Amino acid sequence: MAADDPTAARNGEDTRLRDFAERTERRVRDSADDLRARAQQYYDDGRIRLDEAQTYLVERVKERPIAATLTAVGAGVLIGLLMAGGRRR
């Protein structure tokens with residue numbers, strides 16, 4: 001009659017539930033570690049690309065400072081007009 005013992009059944013269920021929780025926790029932890037590693041790689045790649053873009057822009061500005069200045073002023077004026085245009089009625 002040990003099979004009809006509710007305490008033994010409850011202990012078996014507790015053990016299965018604990019095992020399931022531990023497996024789930026391991027899977028979540030492994031997934032989080034994988035995600036963290038991928039995010040770090042994306043961050044590093046992005047930082048490298050930004051550094052390359054900055055180097056490229058600095059070189060272009062040094063080659064043609066007047067054209068770069070006029071381009072920046074023109075972009076600023078355009079952005080200013082677009083922003084001011086939303087305020088007019």
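The values are calculated or read from the model by the stated rules, or taken from the named source; none is laboratory data. The structure presented is a predicted model; accordingly, all values stated were derived computationally and were not measured. In this analysis, Cβ positions are derived from the backbone assuming ideal geometry, glycine residues included, and neighbour counts consider all displayed protein chains.
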Condition check: surrounded by fewer than 10 Cβ atoms within 10 Å (Cβ to Cβ) and assigned to a helix (DSSP H, G or I). Does T7 satisfy that? yes
Somewhere in segment 17-27, is a residue at pLDDT below 95 and either of a type in the set (K, R) or exposed (fewer than 10 other Cβ atoms within 10 Å of the Cβ) (or both)? yes
